[in-house]
1. How about the stretch 1-55: which chymotrypsin sites (Phe, Trp or Tyr not before Pro) there are in a DSSP loop, with at most 11 other Cβ atoms within 10 Å of their Cβ?
2. Cα-Cα over 27 Å: which of Lys70/Lys95; Lys28/Lys48; Lys48/Lys70?
3. In nm, give the distance between the simple-model label positions of Lys25 and Arg74, each being 7 Å from the Cα along the Cα-to-Cβ direction.
4. Run the simple label-point estimate for Leu16 and Lys39 please: 7 Å along Cα→C-beta, distance reported in nm.
Amino acid sequence: MFNDIGPLELVTIIVLAVLVFGPDKLPKVIQDVMRTVRKIREFSESAKEDIRSELGPEFKDFEFEDLNPKTFIRKQLDNDDLGLKEIRNGFDLKKEMAEVTDAVHGREGESSASSPSSSSPSSGGRIDMTKKPEDTGKDDRPPFDADAT
């Protein structure tokens, strides 16, 4: 509840409480504050139980912390029914980065050595980035696309 109060701030609050209420009234004030906090917690828990009972058995696992959007999204993404873990585990980032590095440095990997047509761009495989583009002529301008501008 008071995660952001440091030790110096706590000592300052205690000293101010002693100065404002006095040492003889301070225990009674602390008891009153604690009693009020307990009543607020009981009221809160009672309200939560009433809401859960009104929602019905479909929402028996409903948690009020789920109303926080970050918590709700995190809980839904961890759900195994969607299969997101399988998709996430299906990506091998190291392998993909190695393929990109090999393509940039001009090395041949296993995938391009196994199929000779994989270097053509139309085949959907790897593109040979070491190959220089064809010289179309220095006077030829690229076609103008009116929709692109």
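1. Phe2
2. Flagged as over cut-off: Lys70/Lys95; Lys28/Lys48.
3. 4.4
4. With each label point 7 Å from Cα toward Cβ, the separation is 2.4 nm.
Laboratory data are not the source of any read-out in this text; all were calculated from the coordinates shown. Every value quoted in this text rests on a predicted model; they were computed, and no experiment measured them. Using ideal geometry, Cβ is built from the backbone for each residue, glycine included, and neighbour counts are taken over all protein chains shown.
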